[in-house]
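Everything on this sheet refers to the single structure shown next.
What follows draws every value from the coordinates through simple rules; no lab data is involved. These figures come from a predicted structure and were not determined experimentally. As a convention, Cβ positions derive from the backbone with ideal geometry for all residues, glycine included, and neighbour counts pool all protein chains shown.
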Amino acid sequence: MKKPLLTIGMIFRDDIRCIERCLKALQPLRDAVPCELIMADTGSADGSREVAERYADVVFDFPWINDFAAARNAVMERASGDWYLSVDTDEYLEPDIVQIEHFLHNPQNVHKDICLVVIRNYQTYEMDGPWSDFLAIRLLRMATGKRYSGAIHEQWDFPEDQTPRSTVLNQVVFKHDGYVGMNEEAGREKRERNLKLIREELAETPDRLLRLLQFIESGQKEADYMEWLFRAVDRVREKAPNWERMGPPILRYAVRTAATKKLPELEEWTALAEEMFPESYFTRIDVAYFACIEALGSKNYARCISLGGKALQAYEDLRAGRGDIIGQMFSSLLNSGEEFERNIINAVAVAYLEDGKPRKALDGAMSLDFSQLTVEQTQNLTNLLLDLHLRSDVDTSGLTSALWEGINRPVPNQKRADERRAAFILRGASTFLPDSRERERKREDFHRPMYTVFLPLADQIPFGLAAAMLETTDAAELNALLNRVQKWTELPISALSHALSWGAVFPPEKNPMNLEDLEDVATRLSRNWAVLCNTLTQTASEDFAGSWQTLTWARTLALLAVQHCDWKDAEQSMTLARIFTKVERAFISGYYAPEVLREGNLYVLPSMHRFGWYCAQAFEALEAGDQLGHVRFLRAGLAACPSMKDMVEFLIEHTSALQAPSPSSELQELAEKVRALLSAYSPEDPAVAALKASPVYQKVAHLLEEDPT
């Protein structure tokens, strides 16, 4: 075989989750460059070895001895390429390999010792969310003779005070998901293994800045973390060996910890980083990021704007490859990803608004790519949009439309777009609440209601139609708007209440609604008892003939009303009961065939339909003067639907025809005689039937028979 130009070396153990994806991602590079793949198995038992053997040129066993450098050096001893590329199984090479291919084929690069590539760390295994970049030394010219050193966080053993001849391949990106869960229970074993090795080395060299940095990166949950952090900051301040390389990332971690824990050292450590390492990206991006966000939280808006502006310039320089790129070779920039840049833009925009510069706030917000927002960023930007609209007179329509269009784009996938949309809708819904609108108007900086920010979206979402409804009292215009609603579950109920109060027709005549939507709207409307009753009264006064929409709407309202009524206001409750009966009579008679609506067949009806039928029969009996029939039907209705007991009791107690005066003493005496006579016979005796049919019994029957309630 032709001597390989490149050796790809890997060590692995029990990496079945990721190993094949890693090896597949390397195939384009292996096809483009003469190379070999050598892999060391340090003790796999999950099938990883079988996967490795399908891809690698050489797979061998290397018993694990708690020393990463030893394992990697065993791979290097078998390498025959001119260059050596070190890869981990939880890293996946991006398809764009043009830059590394050209580098390896260029003979001029024989004068280089190492190359740095981009390791892009993600926070989820799906790798579709936040990330941060790290420049890692992964490509070594084998002629240097260098080997790895360090049991943990191993590296090629160039002296720390010397910079090897290097170049940055900033278009060679390895996507990495190996840190996912490292700070959670799932990563505990790996975290504890690493920390054990780091502590062993710190015990020998407690002031070595590289080891202090490694502990700070991995030991954030350790009880003595702060002790080691303060020690590291002091060593940097004293300019201990290798302070120029290790100092920037150490101070960056110090500032992050101070900002997170609200430590008094925040300002001191921020100033120290700016003084000692003003050109480092760890200062220009990470330190500035944490300090900027903290300044916004502490309402130091001028400082937030200043720090944010510097950080945004640093992001631009980083993308262009300007400045101290090599300085990132010992640690990852925590906030280099685009997600963090968007956070800075939003923070600065908020600071501009609070500082009385709304137009600058608007310009900043408009510079964002809304399709890239996370759910949290969508929430934050929606808050900014609403505040900007409420507190200023700048034209926010362009921002509203662009934000809505952007967050609905399926980037990186439809799931994320749906989550962003839900966050936007949830925050926007609160602006339609009457209490919220009242609080807005009492603010000294009030310019216009928040909900009007949605007016540009009238053709896209119910919020836009709802805002238009609240802005008019014209019944014809309200009817036209209601006829355009498609998603009734997203229409704020306050807008419908407003429309109904100004004479709008509902359900809309040209926009038929299904039962589920009618029930949803009615349920939300029922949270305001007065609105529910008024709407029901108005709807029940209409002619139901030929309009199943109106009848169904009336019945839905009536069912909710009788189920929520406390039956304490006699006049209102009796009116409600009669409306319920009227609506039920019309609905049931139209919904069911006549043969079904016979008392012997009612068992096939749902319980509330049976109750409604019995209520209708009860009122018909009462109107015909049949009080006992009225009571009998009410009792039958209660048996069909026990949950309506309060309504039945109310009707019996408040039906004047049933409220007979107290019987006279003579009538009571007659009743006692009849009762005694009845007790002398068996209930089946024909004499009992004859007695009950007599005029004497009829006079006292209401005293002898069971109380209807």
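Structure above, values below:
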read-out	value
C-alpha long axis of helix 338-354 to longest principal axis of the chain, angle in °	60 degrees
Quarter of Cα convex hull surface for the chain, i.e. mean projection, nm²	48.7 nm²
Helix 266-276 axis, angle to the chain major axis (alpha carbon atoms, nearest 10°)	30 degrees
Ranked E294, E509, criterion: other C-beta atoms within 10 Å, fewest first	E509, E294
Neighbour-count order for K699, K146, fewest beta carbons within 10 angstrom listed first	K699, K146
From the C-alpha gyration tensor of segment 12-109, square roots of 5λ in Å	24, 16, 11
Pairwise centroid distance, computed over Cα atoms, of segment 498-518 with segment 68-89, Å	72 Å
For segment 601-645: Kirkwood Rh in Å [reciprocal of mean 1/r, alpha carbons]	10.2 Å
P(r) histogram, all alpha-carbon pairs of segment 424-540 included - 10 Å bins from 0, percent	13, 47, 33, 6, 0
Ranked by how many other beta carbons lie within 10 Å on average, peptides 627-640, 407-420, 665-678 from highest	627-640, 407-420, 665-678
In Hz, Karplus ³J(HN,Hα) per residue of segment 478-490 (6.51, -1.76, 1.60; θ = phi - 60°; x = Gly, Pro)	4, 4, 4, 5, 4, 6, 9, 5, 10, 9, 5, 5, 9
Mean-position separation - Cα centroids, segment 249-294 and segment 313-380, in angstrom	17 Å
Exposure proxy order (Cβ contacts within 10 Å, fewest to most) of S132, S367	S367, S132
Convex hull volume per residue in cubic angstrom - Cα atoms of segment 665-704	54 Å³
Span per principal axis, largest first, for the Cα atoms of segment 267-389 (Å)	44, 32, 21
Centroid-to-centroid separation of segment 401-419 and segment 194-235 [C-alpha atoms, Å]	43 Å
Dimensionless Rg/Rh of segment 185-355 - Kirkwood Rh, Rg from C-alpha atoms	0.99
In Hz, Karplus ³J(HN,Hα) per residue of segment 645-655 (6.51, -1.76, 1.60; θ = phi - 60°; x = Gly, Pro)	4, 4, 5, 5, 4, 4, 4, 5, 6, 10, 8
Normalised per residue, the volume of the convex hull around the Cα set of segment 570-709 (Å³)	138 Å³
Cα-based Lys pair tally, segment 185-355, threshold under 19 Å, eight or more apart or on separate chains	7
Protection proxy ranking of 687-693, 273-279 - average other beta-carbon atoms within 10 Å, highest first	273-279, 687-693
Estimated D of segment 1-180 in µm² per second, where Rh is the Kirkwood radius over Cα pairs and Stokes-Einstein applies at 4 °C, 1.567 mPa s	78 µm²/s
Share of Cα-Cα pairs in segment 366-457 lying beyond 19 Å, as whole percent	38 percent
For segment 508-594, the spread of Cα positions along each principal axis, largest first, Å	36, 30, 19
For segment 317-404, Kirkwood radius (reciprocal of mean inverse C-alpha pair distance, Å)	14.2 Å
